[in-house]
């Protein structure tokens, strides 16, 4: 083959059918991971938010200006955020050789292709620092406008119904836009996916607030009552704990149930040889019958023309051979027909469908990696937020212990505070993802991916267990902050 097709250089600009979709597929995975990572960064920026609010409210009442408290918070958050972002950048740089060994597509990576360059690395460090800083500063609106209410904890963090209206409006817009999704570009579809994530991020606290009110009214046990009161008192904080897994549930529901099938009509058992013209095709067909008979292969030989688009050649002059007897006979037919192709290898269904099979394999690989990383990030975010909530509520937990509340009741309340919105919201987004996948399967004429449905159940179960384990990891911290509570003046 090197004699017939010598390599003249590597300066071509046309992408190979086996790598053309790689960048778009990875971009899909990046978009799906953006929101869980943003949730994690936002949770990091809000660590100790309640205690910080109390301290800054005291400073505000003592005469500090809003600009001063905002500046103090921004400097503190920026310093911590920059340190974390730099640590992440250094870890990324150090792990490049190991990351280059990860298989993807036709092989592994070149280390240089994974290096984003110093300008982009600096931009990411600055963006993460800015995200954490903005997340910390946005918590201080009440401190600036009503420091006394913050100091007395007199203003519950209620949510408004406008969130529901905006969520429905965004869903209607996405539904109307994707009505003719065949004309949408990949970047437009990814933008709509990011818009859906943003809408759900806006809608989540409203659902948590309503859940808290319902649970608080119908609670029959102390732990359930405490959980309901905490949900309605700080719905945004409770949403941040479960939001990572809630958003990951949509990804899991969609990709697990969907059946991606890009193949056209199936031509299993066929072998085709391309010829120069119709006359050459008739001569080739006669020679093919002779060669197949000598090789002991039972087959039906037919001549195809430029008007025959239902054959394996799809509108190209040549000869198609329908082979009987299984894969062994197909391989024999390919071998004996190779000399008839005038330098072109005989085609089979596997050869024709190879580009579509490549896309399917890439999407499956990226989907699996995205699911795993999403659940890991969600578990990390939940554990981080749970530990921060224990520190923020140490005063409340201490007062409850002084009033005689057992530690186990407080811990069960913490767990139910997570399980209740998780069951409703994660179950809802997973069902939405599965429904969207089933609609896509219906439009494509494919059936439900049964093995994927089993994978979905396993993913959701493992993700929920990982999140609960991360939350349970802060129980020793709860025990420590409530150990030996002493009555104070407040």
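Does at least one position in region 248-264 carry a residue that is surrounded by fewer than 24 Cβ atoms within 10 Å (Cβ to Cβ), modelled with pLDDT under 85 and more than 30 Å from residue 33 (Cβ to Cβ)? Yes: one or more hits.
Return yes when residue 436 is in a helix (DSSP H, G or I), over 21 Å from residue 466 (Cα atoms) and modelled with pLDDT under 75 and no when it is not. Yes, satisfied. Residue pairs whose Cβ atoms lie under 7 Å apart, separated by 6 or more positions or on different chains, with the first residue in region 102-116 and surrounded by 13 or more Cβ atoms within 10 Å (Cβ to Cβ) and the second assigned to a loop (DSSP other than H, G, I, E, B), are 105/19; 109/100; 109/102; 111/100; 114/100. Would you call residue 388 at pLDDT below 80 and either under 36 Å from the mean Cα position of the chain (by Cα) or in a helix (DSSP H, G or I) (or both)? Answer is yes for this residue. Of all residues in region 198-206, none are surrounded by 16 or more Cβ atoms within 10 Å (Cβ to Cβ), more than 27 Å from residue 460 (Cβ to Cβ) and modelled with pLDDT of 75 or more. Any residue in region 61-84 that is surrounded by 14 or more Cβ atoms within 10 Å (Cβ to Cβ), outside the structural domain of residue 202 (by TED's automatic domain parsing), at pLDDT below 75 and touching a helix residue (DSSP H, G or I) at 6+ places or on another chain (Cβ under 8 Å)? For region 61-84, residues surrounded by 14 or more Cβ atoms within 10 Å (Cβ to Cβ), outside the structural domain of residue 202 (by TED's automatic domain parsing), at pLDDT below 75 and touching a helix residue (DSSP H, G or I) at 6+ places or on another chain (Cβ under 8 Å): absent.
Of the residues making up region 363-373, one or more are without any contact (Cβ under 8 Å) to a residue 24 or more places away in the chain, surrounded by fewer than 15 Cβ atoms within 10 Å (Cβ to Cβ) and part of a helix (DSSP H, G or I). Residues of region 341-362 that are over 30 Å from residue 286 (Cβ atoms) and crowded, with 18+ Cβ neighbours inside 10 Å: 358, 359, 362. Part of a helix (DSSP H, G or I) and buried (at least 19 other Cβ atoms within 10 Å of the Cβ): which single residue out of 333, 272 fits that description? Result: 333 is the single residue among 333, 272 that is part of a helix (DSSP H, G or I) and buried (at least 19 other Cβ atoms within 10 Å of the Cβ). Quick check on region 391-428: of everything there that is free of Cβ contacts under 8 Å to residues at least 12 places away in the same chain and outside any helix (DSSP H, G or I), which residue is nearest to residue 473 (Cα to Cα)? Restricting to residues being free of Cβ contacts under 8 Å to residues at least 12 places away in the same chain and outside any helix (DSSP H, G or I), the top hit is 406. Determine whether residue 225 is assigned by TED's automatic domain parsing to the domain that holds residue 383 and either in contact with a helix residue (DSSP H, G or I) (Cβ under 7 Å, 6 or more places away or on another chain) or at pLDDT below 75 (or both). It is true that residue 225 is assigned by TED's automatic domain parsing to the domain that holds residue 383 and either in contact with a helix residue (DSSP H, G or I) (Cβ under 7 Å, 6 or more places away or on another chain) or at pLDDT below 75 (or both).
Being in contact with a helix residue (DSSP H, G or I) (Cβ under 8 Å, 6 or more places away or on another chain) and modelled with pLDDT under 80 is a condition met by at least one residue of region 393-414.
The values are calculated or read from the model by the stated rules, or taken from the named source; none is laboratory data. Because the structure is a prediction, the values reported are computed rather than measured. Cβ atoms come from the backbone with ideal geometry, glycine included; neighbour counts cover every protein chain shown.
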